[in-house]
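Inspection log for the structure reproduced underneath, given as structure tokens.
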Amino acid sequence: MSKFASILITSNNTLRHMSFAKGSLFLFGIFIIVSWIFIFLPGDSGFVELFRLETWTNIKIFILRLTGTESDLTPAFFQVDRWIATSKLAYQTLAMSILAMAIAGIGAFLTMVWAARNVSNGDLGGVPSRFGQLMYYLVRANYVVSRAVPELVWAMIIVFFLVRSPNRF
């Protein structure tokens, strides 16, 4: 722990050591106070905009348009066929997310032994092996790469490789 994070100057100019947890909590409190000061200061925070008449007029217009009172058309949330179509899409989304969690869980279950350091260095089994160390580093590298790439990029990669289109090549 650095001296900066572990020392606090008290009121009588003596130094007192502070644990990492207390120092983190202290800095967290300071960040909260500074954040609220930034919000309440006039400027670009947008807090003052909340109390203007124009803002509340725009909210009223938004709600009236949302309920469909200013239009001759029926709003989408009053149309039963739209609810049915949206429910089918929501069900498909839920099914895909459950499938993705199942695949991730199976992948984690199959690789968790090889990703454990006590298995690779022989603490658990008694005999370290080169294969165990190789698997440890390969699985850990896979974990690092898969977590470093954002989900949207993974989705784009999967769509690019799995979707067949006639114009692709």
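Looking at the range 16-65, which of the residues that are assigned to a helix (DSSP H, G or I) and among the basic types (Lys, Arg) is farthest from Ala76 (Cα to Cα)? Break it down stepwise before answering.
At the first step, the residues of the range 16-65 found to be assigned to a helix (DSSP H, G or I) are 20-40, 48-51, 53-65.
Checking the rest, the ones that are also among the basic types (Lys, Arg) come to 22, 60, 65.
Values: Lys22: 52, Lys60: 19, Arg65: 12 Å.
The residue in question is Lys22.
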Given (1) at pLDDT 90 or above; (2) exposed (fewer than 11 other Cβ atoms within 10 Å of the Cβ), where does Ala104 come up short, assuming only one miss?
(2)
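Residues of the range 66-79 being assigned to a loop (DSSP other than H, G, I, E, B) and at negative phi, which ones?
Let us first name the residues in the range 66-79 that are assigned to a loop (DSSP other than H, G, I, E, B), namely 68-75, 79.
Within the range 66-79, Thr69, Glu70, Ser71, Asp72, Leu73, Thr74, Pro75, Gln79 qualify.
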Which residue out of Arg140, Arg130, Arg147 is farther than 18 Å from Gly107 by Cβ, of a type in the set (D, E, K, R) and assigned by TED's automatic domain parsing to the domain that holds Gly107?
Arg130
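Listed here are the residues, each with its yes/no results for (1) assigned to a loop (DSSP other than H, G, I, E, B); (2) small (Gly, Ala, Ser); (3) over 23 Å from the mean Cα position of the chain (by Cα).
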| site | (1), (2), (3) |
| --- | --- |
| Ile98 | no, no, no |
| Gly126 | yes, yes, yes |
| Gln133 | no, no, yes |
| Leu138 | no, no, yes |
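The values are calculated or read from the model by the stated rules, or taken from the named source; none is laboratory data. In this text the structure is predicted, and so the values were computed from the model without any measurement. Positions of Cβ are backbone-derived with ideal geometry, glycine not excepted, and every protein chain shown enters the neighbour counts.
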